[in-house]
Amino acid sequence: MNVEVLMLAFKLLGSLALLMFGMKLMSETLQKMAGPQLRHVLGRMTTNRFTGMFTGMMVTAAVQSSTATTVMTVSFVSAGLLTLAQAISVIMGANIGTTLTAWIMTAGFKFNIADFVWPAFVVSIILIYTKKHTNKGDFLFGLAFMFLGLGTLRATGESMHLGEQEAVLNFFASFDPKSFTTTLLFLLIGGVLTMCVQSSAAVMAITMILCSSGALPIYQGIALVMGENIGTTVTSNFAALTAPVQARRAALAHMFFNLFGVFWILIIFQPFVNMVCGIAGYDVNMTKEVVGEQAFLANAAKLSVVLATFHTAFNVINTFILIWFIPQIEKIVCKVIKSKEVEGEEEPEVVRLRYIEGGLLQTPEIAVMQAQKEVGLFAMRMQRMFGMVRSLLDEKNDEEFVKNFSRIEKYEGISDRMEIEIAKYLEQVSYAHVSDDTKSKIRAMMREISELESVGDACYNLARSINRRKQSDTDFTEDQYKHLHEIMQLADESLTQMNKVMHGRREEMDLNESYRIENAINTKRDDLKKQNIEDVNNQLYTYALGTMYSDVVRECEKLGDYVVNIVEARLGK
């Protein structure tokens, strides 16, 4: 008997694992196939709160993951592509989109869908081995695993005969279904379970089994569902503790949304549940003693529909109420989570990574997008560093010169750290199961960060050459200053063009402008090198000064080479 119970327990846990794995695989594969399009949709279709809500709903319904939608949305907020208010509307829509999961589960509980998944496994393995359609095969595998998990879960629940187990029935009967304390207790249980298993879908499946078998009364079942809604937001907030400010604000807005919904549901709990039961055709007052076991279980079988209906009604009504108060919600979360200003630090944003240091769990495709933003920020910082070098060239005040040189040294250390941290992050992402396109992007970014670090080295070498000139108590001639400004202007133009490419759409960019600037830098370098030799021979300045002057020119030309390499990597050349 103990062995049978143990096997049933393993079968239950195994089917839950299949369900969770299937949903994860299906979600990640959909994001691989439609990742760029989804990001484009999120970025463009959020012109107002209603389009934002609709976009969040459709994207979440497509990828079957409100977490993925939320993470993508937060990344856009951090990048300045979306306002926090727009992100809140998308998150509201994501809550509606995720209710589709409950309806899929309801379908799985209504008939034994597991019988139909075996052909799907055959087709999916064929697609995977064709390589050209690997993503489609992975998606079909995920879908088949999800339905196999649902079917096995349903069969296991039926074989356990929970509705006939006196111990189970007596346990749930010990709670007064109409007691407010009971509702709060099961709400807490639902939240804790969701936090433990890290999946509201798994807890929803367990709830459906318990309710459909007649073991768990509907009031406690719906309290569990309410707890699941809170549990999943608590998990997101814990994950966002180390994330940027906007990510924490978005996570808090998500929690506020669900907490507010639970609050008003609790006020009208029983009337609302009775209304939902009426819509689903479930008789709340039916008892086994009055109608018999067969009729009672037939009635209980409708409870999966009741739970899905409640989940949908809860999120739709809650969104309808709160969508009018998005500005107020934004003010609340901004007041609770304030931006930290670093005192005494001129540029606090350069101290640490902005996009890939957060703790939010991400799928590989979203992680690559975050890394691309970080590389873009790296490129902007390197141009800022070069701007400091240009100002150092003209600095006559000794105190300001030392201060600016120290800042450049600090930026050189930052560039080294950024290269290592981004490379480490990309290595972790590459270990995941990613598409060939994503692998290509990772390789390109590895090359980009290496060349960007070389740009930082070139800037530091330029600063050191200028510092040596300062320490030598000699100064460049007026013509030398003029020529250095000319080649530095060309180098800055190349950096500007590089940043346009880094932050623009790949298909809209070409290499011609970068090549033109690089050729101009090379021509200028050759002219200045020749002129320098003549000026030293004519004793217009010393050989030592000519060497320092030549070092600055040469480093500017090297910097131009690094920039071209970066642009080529970004454009896949």
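The values are calculated or read from the model by the stated rules, or taken from the named source; none is laboratory data. Remember, predicted model here, so these are calculated numbers, not experimental data. Using ideal geometry, Cβ is built from the backbone for each residue, glycine included, and neighbour counts are taken over all protein chains shown. These area figures cover heavy atoms from the full protein model, side chains too; ligands, DNA and RNA do not enter into them. Shrake-Rupley method; radii C 1.70, N 1.55, O 1.52, S 1.80 Å.
Suppose all protein chains stay in the model; what accessible area per residue would a 1.4 Å probe give for the range 387-472, in Å²?
Details: 4050 Å² over 86 residues.
Each residue of the range 387-472 exposes 47 Å² on average to a 1.4 Å probe.
What part of the accessible area of the range 460-524, given as a whole %, is carbon or sulfur when the probe is 1.4 angstrom?
Details: 1450 of 3390 Å².
C and S atoms contribute 43 percent here.
Between rounded, prolate and oblate, where does the range 371-529 land on the alpha carbon gyration tensor, with a ≥ b ≥ c its root eigenvalues, rounded for a/c under 1.5, else prolate if a/b exceeds b/c? Can you show the working numbers first?
Numbers: a/c = 3.03, a/b = 1.66, b/c = 1.83.
Verdict is oblate for the range 371-529.
Of the trypsin sites (Lys or Arg not before Pro) in the range 466-566, which ones lie in a loop per DSSP and count no more than 12 other C-beta atoms within 10 Å?
On the way: sites: R468, R469, K470, K482, K500, R505, R506, R516, K524, R525, K529, K530, R554, K558; in loops: R505.
Filter output for the range 466-566: R505.
For L185, what accessible surface area do you get with a 1.4 Å probe? Give it in Å², rounded to 10.
70 Å²
Using 29 Å as the Cα-Cα cut-off, could you pick out the over-long pairs in K410/K470; K530/K558; K11/K131? Please list the in-between numbers first.
Values: K410/K470 20 Å; K530/K558 18 Å; K11/K131 33 Å.
Result: K11/K131 exceed 29 Å.
Can you list the lysines whose alpha carbon sits under 29 Å from that of K331, skipping same-chain ones fewer than 8 residues off?
Partners within reach: K340, K373.
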